[in-house]
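First comes the structure, then the notes that go with it.
The values are calculated or read from the model by the stated rules, or taken from the named source; none is laboratory data. These numbers come from a predicted model, not from an experiment. No Cβ is skipped: glycine too gets one built from the backbone with ideal geometry, and neighbour counts run over all protein chains shown.
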Amino acid sequence: MSAKNESGSYRDIFLALLANLGIAVAKLVGAFFTKSASLLAEGIHSLADCANQVFLLIGAQKSKKPADELHPLGYGRETFFWSFLVALMLFSMGGLFAIYEGIHKLTAEATALQFPWVGLTILVLALGLESISFWACLKEIRKQNQEPNLWIWFQKSTASELIVIFIEDLAALVGLTLALIFLVISLITGNSMWDALGSVVIGILLVSVAFILAREVKSLLLGEKSSTDYKTFITQRLQLLDSGMYVLNILSVVTGSREVLLTMKVHPGKIADSYELIRIINALEEDIKKQFPEIRWLFVEPDLTD
């Protein structure tokens, strides 16, 4: 991970943490005065997001530990582990609590909303703050990746901390919009059942998002193949050498946030001298690392068979 990218990710995490902390306090205070289930669900959601950003910061810090005898490939996957905890937190503290609170309000004796305009004002302000955080996250995504399709980027990206911030901010915007809609309906109809139903819908949204996030991070934890096409570049470099060398087999594994292990077998072609072969392989490794700075571990093995 380059210093520039790392600094951008840290900035996004801190921005999301500060935004969620302020929003959480406002939502919980508003829920206390208005007795709104939707607002309370959103307040707990924001508290969960605050804990999530702390997890991401811990993961980012731990992933920088140097490789040692026990972990020869380093600690890059620490970010994936802490990102997976984020998915669990979003599922339990965010989604399940919101569903529970909504069902509780639906089955309990109806309580009329109090000071509903306070809740509406807080939700509108929260939407504004979350939009700023989401826009900053999108800018960082565009800066680090030219993929125009965000769904494809989400599936292929190895920057787990950026994936988490993106999906958290997106879920927050959708959740706030739903809370606003159900609170308005409850205000217009004078029936607090709509507000309680809003809490259930928000909970279902958060549980769904948690499952999507957990599935993506699980794939990274298990050792996902890098989505970058390294073979084309390597083949072109070998052709320029005019030595008859070619790639027999290539394997890439994501070992951390924007961190890849690349290993390959190459046929020596017309090269018979072992010293010349080693020199060319070393030059090839240098070219590959210059072209793809995310490659932290690179192993090239000459062989005659695949």
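Exactly one residue among 92, 83 is in the same structural domain as residue 212 (by TED's automatic domain parsing), hydroxyl-bearing (Ser, Thr, Tyr), surrounded by fewer than 15 Cβ atoms within 10 Å (Cβ to Cβ) and within 26 Å of the chain's Cα centre (by Cα), and that residue is 92.
The C-beta contact set for the range 273-294 (first residue farther than 17 Å from residue 263 by Cβ, second residue part of a helix (DSSP H, G or I), distance under 7 angstrom, 6+ apart or interchain) comprises 280/241. Criterion applied to 111, 158 was being assigned to a loop (DSSP other than H, G, I, E, B), surrounded by 19 or more Cβ atoms within 10 Å (Cβ to Cβ) and at pLDDT below 85, and the one residue passing it is 158. Kindly evaluate residue 161 against the criterion of being within 27 Å of residue 25 (Cα to Cα) and touching a Leu at 6+ places or on another chain (Cβ under 6 Å). Yes: the conditions hold for residue 161.
The conditions of being more than 30 Å from residue 192 (Cα to Cα), at pLDDT 80 or above and part of a helix (DSSP H, G or I) are not met by residue 73.
Just one residue in the set 181, 204, 212 is without any contact (Cβ under 8 Å) to a residue 24 or more places away in the chain and in the same structural domain as residue 82 (by TED's automatic domain parsing); that residue is 181. One residue stands out in the range 204-230 among those that are not in a helix (DSSP H, G or I) and not small (Gly, Ala, Ser): the one that is surrounded by the most Cβ atoms within 10 Å (Cβ to Cβ), namely 230. Residues of the range 231-250 that are touching a residue at least 24 places away in the same chain (Cβ under 8 Å), under 38 Å from the mean Cα position of the chain (by Cα) and not in a strand (DSSP E or B): 233, 234, 237, 238. A single member of 236, 291 is farther than 26 Å from residue 154 by Cα and either assigned by TED's automatic domain parsing to the domain that holds residue 82 or surrounded by fewer than 16 Cβ atoms within 10 Å (Cβ to Cβ) (or both), and it is 236. Counting just the residues of the range 239-259 that are in contact with a His (Cβ under 9 Å, 6 or more places away or on another chain) and surrounded by fewer than 21 Cβ atoms within 10 Å (Cβ to Cβ), which one comes out modelled with the lowest pLDDT? Top of the filtered list is 244. For residue 129, the conditions (1) at pLDDT 85 or above; (2) under 16 Å from residue 43 (Cβ atoms) all hold with the exception of (1).
Name every residue in the range 266-280 that is of a type in the set (A, V, I, L, M, F, W, C) and either surrounded by fewer than 17 Cβ atoms within 10 Å (Cβ to Cβ) or more than 11 Å from residue 243 (Cβ to Cβ) (or both), in order of residue number. Within the range 266-280, 272, 278 qualify. Of the residues making up the range 251-284, those that are among the hydroxyl-bearing types (Ser, Thr, Tyr) and under 33 Å from the mean Cα position of the chain (by Cα) number 4. For the range 236-264, the set of residues classified as farther than 30 Å from residue 79 by Cα and out of contact with any Phe, Trp or Tyr (no Cβ under 9 Å at 6 or more places or on another chain) consists of 236, 237, 240, 241, 242, 243, 244, 245, 246, 247, 248, listed by residue number.
Inside the range 181-204, can you point out the residues that are of a type outside the set (Gly, Ala, Ser) and more than 17 Å from residue 101 (Cβ to Cβ)? Passing the criteria: 181, 184, 185, 187, 188, 189, 191.
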